[in-house]
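Q: Got a structure here, written out as structure tokens. Questions coming.
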Amino acid sequence: MQAKHPQDSVCIMTDVVLPGETNPLNNLFGGELLARMDRAASIAAGRHAGRVVVTASVNHVAFNRAIPLGSVVTIEAKVSRTFNSSMETFIDVWTEDRISGERKKANEAIYTFVAVDEHGSPVKVPAIEPQTELEHQRFAAALRRKQLSLVLAGKMNPHDATELKALFI
Ligand SMILES: CC(C)(COP(=O)(O)OP(=O)(O)OC[C@H]1O[C@@H](n2cnc3c(N)ncnc32)[C@H](O)[C@@H]1OP(=O)(O)O)[C@@H](O)C(=O)NCCC(=O)NCCS
């Protein structure tokens, strides 16, 4: 299987915040943003894998900045690292000023997807080769995030989480 670059997987989705998608403070409802990010990230992971993918885990979400009603929101998702069947996918969320066009980073998140066959069983995905400095940073840190996710899910013994333990030694 030929290796791919993170850029090959990029999915960019731009949409507006409508009244039915807000909380009582008239900001984008968190669950709506989670769904939008899941959609964009699953397209990115599917592009990388060339297979059906399922969301295995939401590893990190930071709602740093509220997104008001009427905002133009751009979600950019890109695969940051692959393992055997799983892919870590980074999602950056931007808002855009309608007049000046100025973009501000609003949120970011990290989701894990698994490529599956027609029976829902995990299948191998192509390797990934980071190119930019940011892609290298995200690639390097992905293994400890995977180990943390597996430990929290009760799927890995903390004693085996070598990369994670190295952070505290
Ligand atoms: C995700 C799923 C395919 C994993 O299947 P499984 O039988 O547990 O398979 P495995 O234990 O072999 O795990 C497959 C891969 O997922 C990874 N994985 C599983 N759970 C994970 C978690 N919580 N965090 C990170 N990675 C995880 C494993 O590390 C493995 O990665 P690798 O092959 O790259 O090493 C299966 O649990 C599933 O279908 N879940 C439902 C998915 C779904 O419906 N999502 C929609 C939203 S609810």
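Just so you know, all these numbers are worked out from the coordinates, no wet-lab data involved. Note that the structure is a prediction, hence the values are computed from the model and not measured. Neighbour counts are summed over all protein chains in view; Cβ atoms, including those assigned to glycine, are modelled from backbone coordinates with ideal geometry.
Q: List the relative contact order of the range 80-153 as a percent without decimals, with contacts defined as Cα pairs under 8 Å and 6+ residues apart. Kindly include the intermediate steps, with their values, before the conclusion.
A: On the way: 93 pairs, mean separation 24.1, N = 74.
Worked out over the range 80-153, it gives 33 percent.
Q: Could you give the size of the charge dipole of the range 1-126 about its Cα centre, using +1 on the Cβ of each K and R and -1 on the Cβ of each D and E, expressed in debye and rounded to the nearest 20? Before the final figure, lay out the partial values.
A: Details: 13 positive and 14 negative charges, 53 e Å.
So the magnitude is around 260 debye.
Q: Another question, if that's okay. Just going by the charge dipole of the chain, with Lys and Arg at +1 and Asp and Glu at -1 on Cβ, which of PHE139, GLY101, VAL79 is farthest out on the positive end?
A: Result: PHE139, furthest along the dipole toward the positive end.
Q: Something else: In a Gaussian network model over the chain where Cα atoms closer than 10 Å are linked, find which of ALA66, ALA109, ALA77 has the largest mean-square fluctuation.
A: Checking each option, the largest mean-square fluctuation is seen for ALA66.
Q: Pop a pseudo-label 7 angstrom from the Cα along the beta-carbon direction at both VAL52 and VAL123 and give the gap in nm to one decimal.
A: If labels sit at VAL52 and VAL123, their model points lie 1.0 nm apart.
Q: By its C-alpha gyration tensor, with a ≥ b ≥ c as the square roots of the eigenvalues, how is the range 6-129 shaped: rounded for a/c under 1.5, else prolate for a/b larger than b/c, else oblate? All intermediate terms of the calculation are to be shown ahead of the outcome.
A: Numbers: a/c = 2.62, a/b = 1.98, b/c = 1.32.
Note, shape of the range 6-129 comes out prolate.
Q: Using the structure shown, select from LYS124/LYS155; LYS78/LYS146; LYS124/LYS165; LYS4/LYS105 the pairs with a Cα to Cα distance greater than 25 angstrom. Kindly include the intermediate steps, with their values, before the conclusion.
A: Numbers: LYS124/LYS155 19 Å; LYS78/LYS146 16 Å; LYS124/LYS165 27 Å; LYS4/LYS105 27 Å.
Distance filter (> 25 Å) returns LYS124/LYS165; LYS4/LYS105.
Q: Collect residues whose amide H, placed 1.01 Å from N in the peptide plane, falls under 5 Å from the amide H of VAL123; neighbours closer than 5 in sequence don't count.
A: The list, which skips near neighbours in sequence, is ALA115, VAL116, ASP117.
Q: Can you list residues whose amide H is under 5 Å from HIS5's amide H, if they're 5+ apart or on another chain and H is modeled 1.01 Å from N?
A: Amide H to amide H, under 5 Å and 5 or more residues apart or across chains, HIS5 pairs with GLU129.
Q: State the Cα centre-to-centre distance between the range 92-169 and the range 19-38 in whole Å.
A: Between the Cα centre of the range 92-169 and that of the range 19-38, the gap is 23 Å.
Q: Can you list the HN-Hα couplings for the range 43-55, worked out from phi with the Karplus curve (6.51, -1.76, 1.60; θ = phi - 60°), rounded to whole Hz and with x for Gly and Pro?
A: 5, 4, 5, x, 5, 5, 7, x, 9, 5, 10, 10, 6
Q: Related question: So which aspartates and glutamates can LYS104 reach, going by Cα to Cα under 17 Å and dropping same-chain residues fewer than 8 places off?
A: Partners within reach: ASP15, GLU76, ASP92, GLU96.
Q: Using a Gaussian network model of the chain whose springs link C-alpha atoms within less than 10 Å, name the residue from SER71, SER100, SER85 with the highest mean-square fluctuation.
A: Largest GNM mean-square fluctuation: SER100.
Q: Mind telling me which of ALA40, ALA106, ALA115 comes out most flexible in a GNM of the chain, alpha-carbon contacts under 10 Å?
A: ALA106
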